[in-house]
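Structure first, commentary second.
The values are calculated or read from the model by the stated rules, or taken from the named source; none is laboratory data. Fair warning: this is a prediction, and the values are worked out from it, not measured in the lab. Heads up, the Cβs are rebuilt from the backbone with ideal geometry, glycines too, and the neighbour counts pull from every protein chain shown. Note: areas computed on protein heavy atoms with side chains; ligands, DNA, RNA excluded. Shrake-Rupley method; radii C 1.70, N 1.55, O 1.52, S 1.80 Å.
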Amino acid sequence: MLRRLALTTALLLVLPATAHAAPVQFSAAGANAASIQPAVDAFRGALGTLNPNTAGSKGTGRREINWDGVPDGLSSPNSLPADFFNVNSPRGVVFSTPGTGFRVSANAPTAEFGDVDATYPGTFGVFSAQKLFSPSGATVTDVTIFVPGSTTPAVTKGFGVVFTDIDTAGAAKLQFFDVDGMSIYSGNAPTSTVSQGLSFLGALLADGPGIARVRITSGTAAIGPGILDGGPNDLVVLDDFIYGEPTGSGGGPGGGPPGPTDTDVDGHADTADNCPLAANPDQADGDHDGLGDLCDAPTLAQLRIKRAKRRLKVSYDLSEAAVVTFRVERRRAGHWRRIKGRFSNSGDAGSNSFRWNGRLRGRRLSPGRYRLVAEAVDASSEHSARLRKRFSVARPRR
């Protein structure tokens with residue numbers, strides 16, 4: 001509860017002194033496109049109808065970039081012009097980076113930046129097949145908003161990004177800035193639970209200052225030949241960009257402000273809803289933490305592990321449906337040390353169990369003392385407290 005209160009306070013502190021509602025955040029992470037689709041669709045619904053890729057502002061609705069229309073001649077190993085999506089295909093965004101430029105991955109057989117490093121197709125997943133985007137020589141992409149097809153500065157009311165393969169908390173994030181360069185939002189994208197996993201983060205400032213520039217941080221190291229994912233390098237690339245229609249005044253039709261959004265259609269505007277992505281007309285909040293009961297973090301309990309023939313049976317209880325991620329620590333020289341690798345299990349509310357082969361990254365655990373570390377993440381990207389359960393691996397009988 002304290003973590004959620006701290007996050008809420010942080011969001012409020014980044015707002016200007018003018019009284020505006022806090023940003024509404026949409027986020028999700030999972031193993032594939034289906035796992036983040038509900039959050040992406042909710043964000044799309046909050047922004048409005050998809051507009052065509054033509055010049056001029058439509059006043060309302062949204063624009064999208066999925067990279068798949070980028071021609072082969074401007075795909076990797078060639079560079080993408082920074083203004084391609086304001087000139088060639090007018091969508092009102094121009095990119096900049098402290099690196100050397102931008103790349104869009106090519107089609108098969110070198111898809112997913114396989115031409116940059118042969119390991120990357122096994123590292124990165126896709127949301128909308130099959131092209132991906134990344135800055136070159138850096139992990140930062142700045143997106144400046146313009147009236148589509150012009151050099152007239154504009155603003156948008158929301159911006160969201162699909163990230164692929166975020167392994168480390170805080171390795172990928174979005175930051176929004178107003179026309180004066182003041183920070184008006186900052187949020188970390190959620191980590192995915194498996195290799196090639198996908199994450200989505202978007203935020204909507206329905207009645208706040210317009211977003212003039214977005215800074216996207218994608219990973220802790222830039223992609224490049226021989227740069228592998230793992231250890232200090234959390235390599236992250238990008239798929240779809242989804243954002244509100246660029247407008248000169250940041251408003252709705254005729255330049256006026258957009259009306260309040262009720263994403264979950266429960267009769268409470270998102271800015272006043274204690275659970276904006278799940279319909280809860282009663283606004284029930286049993287623990288009085290400011291979040292509706294439907295949006296509270298899952299409770300993980302009764303973690304157990306025991307031998308079952310040649311495998312291990314893992315069981316646990318959940319307060320709601322969630323994905324439980326498991327890591328393993330080994331006892332060495334009086335300390336618990338994490339072993340590389342992890343696995344996950346999708347659980348339902350109530351008791352759950354599954355069989356585990358005792359392997360991590362394809363290797364069987366050697367004899368010794370271990371403990372299993374479990375954490376649950378629900379559909380709202382809320383995390384449970386971590387649970388630990390000790391177990392041992394005996395030497396095989398001769």
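Filter the stretch 43-63 for residues that are touching a helix residue (DSSP H, G or I) at 6+ places or on another chain (Cβ under 9 Å) and in a loop (DSSP other than H, G, I, E, B); which is most open to solvent (accessible area, probe 1.4 Å)?
60
Pairs needed: first member in the stretch 40-54, on the phi > 0 side of the Ramachandran plot; second member anywhere, open to solvent by less than 20 Å² (accessible area, probe 1.4 Å) and outside any helix (DSSP H, G or I); C-beta distance under 7 Å; at least 6 residues apart or different chains.
Hits for this filter: 48/61.
I'd like the residue in the stretch 94-121 that is of a type in the set (Gly, Ala, Ser) and touching a Pro at 6+ places or on another chain (Cβ under 7 Å) and, out of all such residues, is surrounded by the fewest Cβ atoms within 10 Å (Cβ to Cβ).
Filtering first and then ranking leaves 99.
For the stretch 349-362, name all the residues that are out of contact with any strand residue (DSSP E or B) (no Cβ under 8 Å at 6 or more places or on another chain) and either open to solvent by less than 50 Å² (accessible area, probe 1.4 Å) or part of a strand (DSSP E or B) (or both).
359
When you go through 298, 257 one by one, which is the residue that is within 27 Å of residue 216 (Cα to Cα), in a loop (DSSP other than H, G, I, E, B) and either modelled with pLDDT of 70 or more or over 26 Å from the mean Cα position of the chain (by Cα) (or both)?
Only one candidate qualifies: 257.
What number of residues within the stretch 65-102 satisfy the criterion of being under 18 Å from residue 240 (Cα atoms) and assigned to a strand (DSSP E or B)?
The qualifying residues number 6.
Being more than 30 Å from residue 207 (Cβ to Cβ), open to solvent by less than 10 Å² (accessible area, probe 1.4 Å), touching a residue at least 24 places away in the same chain (Cβ under 8 Å) and among the aromatic types (Phe, Trp, Tyr) is true for just one of 124, 159. Which residue is that?
It is 124.
What pairs come out if I take residues in the stretch 274-286 that are surrounded by 11 or more Cβ atoms within 10 Å (Cβ to Cβ) and pair them with residues that are part of a loop (DSSP other than H, G, I, E, B) and among the β-branched types (Val, Ile, Thr) whose C-beta lies under 9 Å away, six or more apart or interchain?
Correct list of pairs: 276/261; 276/263; 277/263; 279/265.
I need the full set of residues from the stretch 172-185 which are at negative phi and either out of contact with any Phe, Trp or Tyr (no Cβ under 9 Å at 6 or more places or on another chain) or open to solvent by 10 Å² or more (accessible area, probe 1.4 Å) (or both), in order please.
The answer is 173, 175, 177, 178, 179, 180, 182, 183.
For the stretch 64-90, which residues satisfy the criterion of being open to solvent by less than 20 Å² (accessible area, probe 1.4 Å) and under 19 Å from the mean Cα position of the chain (by Cα)?
65, 67
Mind checking which residues of the stretch 138-184 are among the polar types (S, T, N, Q) and more than 11 Å from the chain's Cα centre (by Cα)?
Across the stretch 138-184, the qualifying residues are 139, 141, 144, 150, 151, 152, 156, 168, 175, 183.
Can you tell me which residues in the stretch 363-398 are farther than 30 Å from residue 202 by Cβ, among the charged types (D, E, K, R) and open to solvent by 70 Å² or more (accessible area, probe 1.4 Å)?
Answer for the stretch 363-398, where residues must be farther than 30 Å from residue 202 by Cβ, among the charged types (D, E, K, R) and open to solvent by 70 Å² or more (accessible area, probe 1.4 Å): 363, 364, 369, 388, 389, 390, 395, 397, 398.
Which ones in the stretch 202-226 are part of a loop (DSSP other than H, G, I, E, B), open to solvent by 60 Å² or more (accessible area, probe 1.4 Å) and either of a type outside the set (S, T, N, Q) or under 20 Å from residue 153 (Cβ atoms) (or both)?
Of everything in the stretch 202-226, those that are part of a loop (DSSP other than H, G, I, E, B), open to solvent by 60 Å² or more (accessible area, probe 1.4 Å) and either of a type outside the set (S, T, N, Q) or under 20 Å from residue 153 (Cβ atoms) (or both) turn out to be 207, 225.
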